Amino acid sequence: MKKLYFVLTLLLSAASIQANTTMIGCPSAGQDGFITISDNDLSTIDLFSLITGEQTGGTWIRVAGAGGTFDSVNGTFTVYGLSGIATTSFFIYTISGIFPCLDDSSSANVFICQQPDAGLDGCLAVQDTNPTIIDLYSIITGEDPQGVWTRTSGVGGTFSAAAGTYSPSIGATTSTFTYTTVGVVPCINDTSTATIIINGPPIGQAVDLFCDGANSTENSVAFDWNNVGQISFNFSYTINGGPTVSGNTTISNYQVLNVDPGSSVTFTVQPVGGSCFPSSTTTCSLLANTVFESDVAAYYPNPFHDILNLKFAEPVKSIRITNVLGQQVFSSVYNEKDFQINLAHLSSGTYFARAQMAKGFKTFKIVKN
């Protein structure tokens, strides 16, 4: 009996202990995670999206890194902030444990790569007889080091990709050189362009853009301009301030079709040459009879051989003629309405005449056989 009594006592004691035991679930802060972004990424990162399996109710702290904007309450982080661009940063998410359980933590790591900067485009105008070695780095600005140079257009001269230099020579053409800085994923490559204009007009000279009445057919408006040594032009236009139409052309003229009489066309053209060339804009109106008044009363013959006849509605103070590169080939002072110009010294080709009057100037295209 004593033995049986002892066994029953043990069983009752065990049951009593089990009945008074409360099972406590220990906290889980989930699994670590990370992301790699560029330093120009403007998006807000949800740190909760980086870790997995975490319980709610924890707290965030930043344990490494600087800059950017960290919101510990909402668990978010942005690379840009009042304290500047952030560096690679580490964040800890902690859930407090109740004894005998310990606190649990996970980490969200934000690795930030530096987006390379190839700087800003630049231009330089030189003659093909210029023997100077041109430092291409001096043309672009603000570039990061360790980039790579390639020649992307033009022929002639001596180009050194390793040194980033170029020397023009006789016969060389306008050339572009691209500077590329390499980015590590997710950062991307960046490029800038150094344009060397050979035998061209001064940097920043806009094209002479004008309404070409001689080539405007019925219900159309024609525009003409000099090509300033370029072979590609971006253009845009609106009819009566309506929708903008944009495009590109490789010739220095464009005809806008389907224009109703009495309408006006605003046309803008810019040579494709980066910051080398500004844009030019002019507005032309289509008269009710759908025929343009000519820029001059007469200029003939056109094409001409040696002598060009000019007849204006008002006295002309001066005439300046340039070639398609914008280089002046003739200039003279006048005070007449009707006169001739001997252009026997010019070679065959297309030219632009600019007549200065008391109230402005008129520009027109002439062709020599």
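Across the chain, how many lysine pairs, 8 or more positions apart or on different chains, have C-alpha atoms separated by under 16 Å? Please give the number.
8
Using only Cα atoms and rounding to the nearest 10 degrees, what angle (0 to 90) does helix 2-19 make with the longest principal axis of the chain?
20
So how far, in whole Å, is the C-alpha centre of the range 336-358 from the one of the range 147-187?
Computed from Cα coordinates, the inter-centre distance equals 39 Å.
Taking the alpha-carbon centroid of each part, what is the distance from the range 232-270 to the range 297-311 in angstrom?
28
Which value in nm describes the separation of the simple spin-label points at Glu314 and Thr282, placed 7 Å from the Cα toward the beta carbon?
1.7
Placing unit charges on C-beta atoms (Lys and Arg positive, Asp and Glu negative, everything else neutral), compute the dipole magnitude of the chain about its Cα centre in debye, rounded to 20.
Charge dipole, the chain, about its Cα centre: 60 debye, nearest 20.
Step through the residues of the range 308-324 one at a time and calculate ³J(HN,Hα) from phi using the Karplus curve (6.51 cos²θ - 1.76 cosθ + 1.60, θ = phi - 60°), rounding each to whole Hz and writing x for Gly and Pro.
10, 8, 10, 9, 10, 7, 9, x, 9, 7, 7, 10, 10, 10, 10, 8, 5
When ranked by the protection proxy of mean other Cβ atoms within 10 Å per residue, highest first, what sequence do the peptides 49-56, 186-193 form?
So the peptides 49-56, 186-193, ranked by packing, come out 186-193, 49-56.
Between Gln340 and Val272, what FRET efficiency follows from the Cβ-Cβ distance if R0 is 35 Å, with the result rounded to 0.05?
Working from the Cβ atoms, E equals 0.40.
Testing the spin-label approximation: label points 7 Å from Cα along Cα→Cβ at Asn219 and Asn189. State their distance in nm.
Simple spin-label model gives 4.8 nm for this pair.
Using R₀ = 25 Å, calculate the FRET efficiency as 1/(1 + (r/R₀)^6) where r is the Cβ-Cβ separation of Asp103 and Thr69; round to 0.05.
That pair, Asp103 with Thr69, gives E of 0.40.
Quantify, in whole percent, the carbon and sulfur part of the accessible surface of the chain (1.4 Å probe; protein heavy atoms only).
56
Taking only Cα atoms of the range 299-369, what ratio of Rg to Rh do you get with Rh as the Kirkwood inverse-distance radius?
On the Cα set of the range 299-369, Rg over Rh gives 0.93.
Taking the Cα atoms of the chain, what is the range of coordinates along each of the three principal axes, in descending order and whole Å?
Computed over the Cα atoms, the extents are 146, 55, 29 Å.
Output the Cα-based Rg and Dmax of the range 116-255 in Å, rounding Rg to one decimal and Dmax to a whole number.
18.8, 57
If the only charges are +1 at each Lys and Arg Cβ and -1 at each Asp and Glu Cβ, what is the size of the charge dipole of the range 42-139 around the Cα centre, to the nearest 20 debye?
240
Taking only DSSP H segments of four or more residues, each worth -39500 (n - 2.57), what value at 222 nm results for the chain once the sum is divided by all its residues, to the nearest 500 deg cm²/dmol?
-1500 deg cm²/dmol
Could you bin all the Cα-Cα distances of the range 126-195 into 5 Å bins starting at 0 and give me the percent of pairs in each, rounded to whole numbers?
Result returned by the calculation: 4, 17, 28, 23, 13, 9, 4, 2, 1.
In square angstrom, what is the accessible area per residue of the chain with a 1.4 angstrom probe?
Result: 54 Å² per residue.
Could you put Val207, Val148 in order of accessible surface area, largest first, with the 1.4 Å probe and the full protein assembly present?
So, going from the largest accessible area down, we get Val148, Val207.
If the viscosity is 1.306 mPa s and the temperature 10 °C, what Stokes-Einstein diffusion coefficient in µm²/s follows for the range 82-131 when Rh is the Kirkwood radius over Cα pairs?
Rounded, D is 94 µm²/s.
The values are calculated or read from the model by the stated rules, or taken from the named source; none is laboratory data. These figures come from a predicted structure and were not determined experimentally. Quick reminder, even Gly has a Cβ in these numbers, built from the backbone with ideal geometry, and neighbours come from all protein chains shown. We work out accessible area using only protein heavy atoms, side chains counted, and drop any ligands, DNA or RNA first. Shrake-Rupley method; radii C 1.70, N 1.55, O 1.52, S 1.80 Å.
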